[in-house]
Amino acid sequence: MTEDPLLRIDDLTVEYKSARHWAPAVRGASLRVEPGEFVSLVGESGSGKTTLVQAALGLLPPSARQSAGTVHYSDVDVTGWSDRRMALVRGNYVGFIPQDPNTSLNPVKKIGQQVIEAVRFNEKQKRDAAAWKEAALESLRTAGLADAERVFAQYPHELSGGMKQRALIAIALAGKPKLILADEPTSALDVTVQQRILDHLAGLRVDLGIGILLVTHDLGVALDRSDRIAVMQGGEIVEEGPVAEVIEHAADPYTRRLLDAAPARHTGRLEPATGTRAEDQPIALRANDIEKTYRLRGRGRRELRALGGVDLEVRQGTTHAIVGESGAGKSTLARILVGFDAPDAGTVHLGDRELTGLGHRQLRELRSDLQFVFQNPFTSLDPRFTVEKIVAEPLRAFKIPGDRRSRVVQLLEAVALDESHLGRLPAELSGGQRQRVAIARALALNPEVLVLDEAVSALDVSVQAQILQLLVDLQGEFGLAYVFVTHDLGVVRLIADDVTVMKDGAVVESGPAVKVFEAPAQDYTRELLAAVPGARLAPANVRLGDCRV
Amino acid sequence: MLRYAALKTGRALFVVWAAFTLTFVLLFVLPANPEDLLFDPTELNTIPEEVREQVAANYGFDEPVVVQYFQRLGHALAGDFGNSVQSGKPVTEAVLGVLPSTLILSAGALALAALIAYAIALTATSTRRPWLRNLVESLPSAAVSVPVFLSGILLLQVFAFRLGWFPAFGSDGPASLVLPLVTLAIPVSGPIAQLLVRRFTAELESGYVTTSRAKGATRDQIVKGDVFRNASLPALTITGVTFGNLIAGSVITETVFAREGIGRLTQTAINTLDVPLVQGIVVLVAASFALINLAVDLVYPLLDPRLRATLAAATA
């Protein structure tokens, strides 16, 4: 190799100050990015991948310190540089694309001004305002915003998430850097948008010859586009190498488990551990011609049609997945199915009982047969309740007689937790454990139907795999029917018997999962399927529940 | 946008009307013999019945309450709150005569308070020394907890009597304004500073700051270019509300420093039970309070494009 790598991190250790001592978040990590290379850094939450990037940029929070190791940009050692000196490197030599486009732009400044700043801070010789503006517009165009003039004069809140992320890419490119660090740049975006943004990044590497370091939790995303990937776990880089090599001969057991847990690795539906899957079951939950329109505030009488004539049928003991991107109306539908919201028109039947139009009291009676699991296990559990109290809450609310504690233990065992968790608070549980507790609570009243709204979306991929297997096992055991709302088609493949694809409040396609996946009838479904990352992962038949990480 | 402005103006007018109605009920309806309030309580029993009746007729107390109310409301709308019982001068004239003095004091104190608040917030966020940050952050609560009369007397002792830099009393010349200004500004600056420190800290941790740092901006550039405006928006709201505190604070300040102004006038009006004057003052103070908050409400959308967008959407 004649050239120095763009970025070379050697034996980096970063520690965070905790109550009494310094706890390491990154331990002796080494990484390099060559010119024109696309490197992905993969890891689950808490693996230290973001800290590594912050350290490379000199943007560690005040509570962290770099206690060992060096960071080189080309042949310059920037270890221990002051903030003022690092400011000269940032933007100029290394650009950064942040995680959440919705919070990463200044809300009170026009996009153009924010890009111009990036141009101005990094210019080599002095130029005038017209030249700045031209450079900013050019940067916006390079970032894939064809209508650069219009975006230039807009505020962040006037743009969609994907456009904001492109504006942020424009800001990162404005200083003409040789290297771009991107921290989960697409995690907050819909799959089809994610695909376009990542394609664009990969294209920039070819066109501009810059190096890219992509930080992601999604192995599929990393494998699709990278030249090399590095896998991080517990602050250490446990595996590093060209993509093909990692897929074929991952040396590290953690990497292999991650590979196996990726939804793209599995073609068919998961099989329950016990019990059998039902065929030709009667309908457990049926929605007919549901309509819902939100009236936006103000005198303009603007209306947002969230749902326009949606039908849905869920058979007993099966899973019906509702898939769609943000704004498709899938969460609104889920809330109407369980009676949290009332539809403007249409009916919902649970078995042969009609749900719609019932009063609070009658609806409450039905709740024991119809339960809901929320997306975020970090907010859906009362932080001051113990696990026992959380799971027993429905039992108390419905005054179920009998020994509550033994019932709670029984429920915890059903979700693969045990008695030792009874006295714990949610804060003492991991994300996966919390979602197990939430599921146990939903099961407490022996419901027939469980509506799960993005129930695994907030979880790491290995934990997600465990929860999915758990859901399938519970279904086999208790004959539950699931309505599984998700944006992730990869997950749908693993769990669904039937699929309904939604877009803009209407059903695009509906049918048996096998049929929708093998022979999608609609373009939109095909587009969604093509956008699912992980195409390079060959399917392998592994039982997901065994992927304990 | 127009609808928003009309709504806010309507709300301001309602506040003023409510103040008028409430004072009318308290001062003219609830007392059994409102004309009693017009005489010195010590001499009340010596006043002959005919005089009382004549006075009551003069003030319209013999009319039904509803008629009285609309008469007074009509006069008030034309800017006439009747005559002061003590001086016999029109109330409007008496209030407007001292209003500029109080307005200068309040506005000056507000500006000074904002200055102090920003100084505290900027020092706290830009310093790298933890002890300095802790010290500066404790100032707002200290500022709130010192009562105006105490800090006023303290300032008088040191700067007027000991050092002789500023006059102790009176209301002539800019020099006489300095000590009352400082006295009034200190407690008002506390809540604003506290809010600003919190906002600055929170905004500095937000995503767009990271973006700016990655652009190559230095910390100073970020505080100036990004954080300042975003952190100031909530402070603007609290500043409007604080204006009420200022007028209340001016009563004590003007008494301590023997300055003429609304505060002193109020004090005298209450001491002498000058009912029309009290009502005039309450309504005018309510009006200026409503006016300031109206201004804040109308300026807000100019500073925050997001609010502007929701307003445009609502009226589209």
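Inside region B:120-135, can you point out the residues that are crowded, with 17+ Cβ neighbours inside 10 Å and touching a residue at least 24 places away in the same chain (Cβ under 8 Å)?
B:ILE120, B:ALA121, B:LEU122, B:ALA124, B:THR125, listed by residue number.
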Restricting region A:117-141 to residues that are open to solvent by 70 Å² or more (accessible area, probe 1.4 Å) and under 15 Å from A:ILE169 (Cα atoms), the one nearest to the other protein chains (Cβ to nearest Cβ) turns out to be A:GLU138
Select from region A:363-384 the residues that are within 12 Å of A:ARG441 (Cβ to Cβ), open to solvent by 40 Å² or more (accessible area, probe 1.4 Å) and without any contact (Cβ under 8 Å) to a residue 60 or more places away in the chain and list them in ascending order.
-> A:ASP382
Mind listing whichever residues of region A:147-156 are more than 13 Å from chain B (Cβ to nearest Cβ) and either over 20 Å from A:HIS200 (Cα atoms) or open to solvent by 50 Å² or more (accessible area, probe 1.4 Å) (or both)?
-> A:ASP147, A:GLU149, A:ARG150
Return the total of residues in region A:50-65 being more than 18 Å from B:ARG128 (Cα to Cα) and either surrounded by fewer than 18 Cβ atoms within 10 Å (Cβ to Cβ) or away from chain B (no Cβ under 14 Å) (or both).
-> 1
Hey, B:ARG264 hits all of (1) open to solvent by 30 Å² or more (accessible area, probe 1.4 Å); (2) over 18 Å from the mean Cα position of the chain (by Cα) but one; which does it fall short on?
-> (2)
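Filter region A:71-82 for residues that are open to solvent by less than 40 Å² (accessible area, probe 1.4 Å) and either free of Cβ contacts under 8 Å to residues at least 40 places away in the same chain or away from every other protein chain (no Cβ under 14 Å) (or both) and give the result. Break it down into steps so the answer makes sense when it comes.
Within region A:71-82, the first condition is being open to solvent by less than 40 Å² (accessible area, probe 1.4 Å), and the residues that meet it are A:71-74, A:78.
A:VAL71, A:HIS72, A:SER74, A:VAL78, listed by residue number.
Residue-wise test of (1) within 29 Å of the chain's Cα centre (by Cα); (2) within 11 Å of chain A (Cβ to nearest Cβ); (3) open to solvent by less than 10 Å² (accessible area, probe 1.4 Å).
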residue	(1), (2), (3)
B:ALA175	yes, no, no
B:VAL178	yes, no, no
B:ILE192	yes, no, yes
B:ALA202	yes, no, no
B:GLU205	no, yes, no
B:LYS224	no, no, no
B:VAL227	yes, yes, yes
B:ALA235	yes, no, yes
B:ILE238	yes, no, no
Apart from one, (1) in a loop (DSSP other than H, G, I, E, B); (2) polar (S, T, N, Q); (3) open to solvent by less than 60 Å² (accessible area, probe 1.4 Å) all hold for A:GLN114; the odd one out is (1)
Within region A:83-93, residues more than 7 Å from chain B (Cβ to nearest Cβ) and either part of a loop (DSSP other than H, G, I, E, B) or touching a residue at least 40 places away in the same chain (Cβ under 8 Å) (or both) come out as A:TYR93
Inspect region B:91-105 for any residue being in contact (Cβ under 8 Å) with a residue 60 or more places away in the chain, of a type outside the set (A, V, I, L, M) and not in a helix (DSSP H, G or I) and give the result as yes or no.
-> no
Strands (runs of 3 or more DSSP E) contained entirely in region A:157-273, each with at least 3 residues that are open to solvent by 10 Å² or more (accessible area, probe 1.4 Å) | A:236-242
Which of (1) free of Cβ contacts under 8 Å to residues at least 24 places away in the same chain; (2) hydroxyl-bearing (Ser, Thr, Tyr); (3) within 14 Å of another protein chain (Cβ to nearest Cβ) does B:TYR300 not meet, given it meets every other one?
-> (1)
Determine whether region A:94-109 contains at least one residue that is more than 7 Å from chain B (Cβ to nearest Cβ), crowded, with 20+ Cβ neighbours inside 10 Å, in a helix (DSSP H, G or I) and of a type in the set (A, V, I, L, M).
-> no
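Out of curiosity, is B:PHE24 touching a Lys or Arg at 6+ places or on another chain (Cβ under 7 Å), open to solvent by less than 100 Å² (accessible area, probe 1.4 Å) and either part of a helix (DSSP H, G or I) or without any contact (Cβ under 8 Å) to a residue 12 or more places away in the chain (or both)? Show your work before the answer.
On the way: touching a Lys or Arg at 6+ places or on another chain (Cβ under 7 Å): yes; open to solvent by less than 100 Å² (accessible area, probe 1.4 Å): yes; either part of a helix (DSSP H, G or I) or without any contact (Cβ under 8 Å) to a residue 12 or more places away in the chain (or both): yes.
In short, yes.
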Considering each residue of region A:462-492, count those that are within 26 Å of A:PRO282 (Cβ to Cβ) and not in a loop (DSSP other than H, G, I, E, B), and give that number.
-> 17
For region A:320-332, does any single residue satisfy the condition of being modelled with pLDDT of 90 or more and over 27 Å from A:VAL193 (Cα atoms)?
-> no
B:PHE159 open to solvent by 50 Å² or more (accessible area, probe 1.4 Å), closer than 21 Å to B:GLU260 by Cα and either in a helix (DSSP H, G or I) or within 14 Å of another protein chain (Cβ to nearest Cβ) (or both) | yes
For A:GLY144: the one exception among (1) within 14 Å of chain B (Cβ to nearest Cβ); (2) on the phi > 0 side of the Ramachandran plot = (1)
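The values are calculated or read from the model by the stated rules, or taken from the named source; none is laboratory data. Because the structure is predicted, anything quoted here is derived from the model rather than measured. All Cβ positions, glycine included, derive from the backbone under ideal geometry; neighbour counts span all protein chains shown. Accessible surface areas use protein heavy atoms only, side chains included; no ligands, DNA or RNA. Shrake-Rupley method; radii C 1.70, N 1.55, O 1.52, S 1.80 Å.
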